[in-house]
Amino acid sequence: MSTVELLGMAQMLGIIAVLTVLMQLAWFRYRQRNLLTERVRQRLQQRTELHQEAAQVKVVNGPLERLLLRADIRLSRFQLALLGIVIFLVLVLVLASSGVIPALAVLALIAASLWMYWRFRFQQQRRMIFESLPGIMESVLRYMDAGRSLEGSLQEAFHDAPPVFSPLTFRLRSAVEAGRDYTGLFDDFSRLYKVPSLVLVSIALRTSARFGSSVRPVLQQVAESLRSQQELRREFLASTAETRFTAGAFTLLPLGLAVYMMLINEKYAEVLLRTDTGHTMLMVAGALQGIAVIIIWRMVQGVGRE
């Protein structure tokens, strides 16, 4: 590359860096102003009892917090912002050195990798929930047989549960100590991790609290059904592990190879990026890759799901 091109790239990077700093300053001032407004509004506003109860029926509030909690990703807002800045700088460097199409390919590769990582962690959380729920239901029944109340049995059983139940345990204890309705917490937790069995538990608890019926048969049935489902699920996951791994590899491998070949072979990249034939090849390859990902996803859709 000539000196003029290097100077132009340096100027572009300098302009992008200045714009990034200005955007961060503007975002910081915007966040500070919003936080100040929110604090003033919270002090001036009188919350009614209805709003207090509505705020307690959710295990966690906020879409970002719910998204991170589902995959057990413990990152602060500062760490998420830092990660976003790093990804942005990487894309800017690729854009300045190679062009728009490699930057889009890198962006697609990063997005696919993050999504697969989140999906993997989310499935781990769900697997842990399904493995632990039968024992938790049986613990509730044992505590009730020992003479403890339903609320006390639930608290003790979930207190000994795995860490994935920590948000539910904390909210449940707070609701029971304050005398509020806690059945909505099971509904929200079931929606959060897509666990239909907890909906039955919530319905049984609500029916027992309103009409005085026994909750033991429902808890016993849930424990037995979950235990039998877990045995079938383990066999199913063991028999389809190779298929699920192949689907993930086929999804990420072409994108990774395309980015790798463009970065290590400048002549090959120039043919693809600077000629009409190369643009046509890239568009056809992108379309075929997208169709292949959709077909593979539909083929393995439901495989390994609980």
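The values are calculated or read from the model by the stated rules, or taken from the named source; none is laboratory data. Predicted model, so just to flag it, every value in this text is computed and none were measured. Quick reminder, even Gly has a Cβ in these numbers, built from the backbone with ideal geometry, and neighbours come from all protein chains shown. Note: areas computed on protein heavy atoms with side chains; ligands, DNA, RNA excluded. Shrake-Rupley method; radii C 1.70, N 1.55, O 1.52, S 1.80 Å.
Computed values, structure above
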read-out: Some residue of the stretch 247-256 being among the aromatic types (Phe, Trp, Tyr) and touching a helix residue (DSSP H, G or I) at 6+ places or on another chain (Cβ under 9 Å); value: yes
read-out: Condition met for THR183 (touching a helix residue (DSSP H, G or I) at 6+ places or on another chain (Cβ under 6 Å) and among the β-branched types (Val, Ile, Thr)); value: yes
read-out: When residues of the stretch 257-272 are limited to those that are in contact with a helix residue (DSSP H, G or I) (Cβ under 9 Å, 6 or more places away or on another chain) and open to solvent by 30 Å² or more (accessible area, probe 1.4 Å), the one nearest to ILE110 (Cα to Cα); value: ALA258
read-out: Count of residues meeting criterion [part of a helix (DSSP H, G or I) and either touching a Pro at 6+ places or on another chain (Cβ under 9 Å) or without any contact (Cβ under 8 Å) to a residue 24 or more places away in the chain (or both)] in the stretch 207-228; value: 13
read-out: Helices (runs of 4 or more DSSP H) completely within the stretch 143-195 that count 3 or more residues being more than 23 Å from the chain's Cα centre (by Cα) and buried (at least 17 other Cβ atoms within 10 Å of the Cβ); value: 150-159
read-out: Some residue of the stretch 112-131 being open to solvent by 60 Å² or more (accessible area, probe 1.4 Å), among the basic types (Lys, Arg) and farther than 21 Å from LEU252 by Cα; value: yes
read-out: The stretch 204-232 - residue that is surrounded by fewer than 15 Cβ atoms within 10 Å (Cβ to Cβ) and hydrophobic (A, V, I, L, M, F, W, C) and, of those, farthest from the chain's Cα centre (by Cα); value: PHE211
read-out: Qualifying positions in the stretch 186-206 - hydrophobic (A, V, I, L, M, F, W, C), closer than 30 Å to ARG119 by Cβ and free of Cβ contacts under 8 Å to residues at least 24 places away in the same chain; value: PHE186, VAL199, LEU200, ILE203
read-out: One residue from GLN24, GLN11, GLN46 being open to solvent by 70 Å² or more (accessible area, probe 1.4 Å) and modelled with pLDDT of 75 or more; value: GLN24
read-out: Meets criteria (open to solvent by 80 Å² or more (accessible area, probe 1.4 Å) and within 28 Å of MET128 (Cβ to Cβ)) for GLU235; value: yes
read-out: Qualifying residues in the stretch 96-111 (those that are open to solvent by less than 50 Å² (accessible area, probe 1.4 Å) and without any contact (Cβ under 8 Å) to a residue 40 or more places away in the chain) - the one farthest from LEU282 (Cα to Cα); value: ILE110
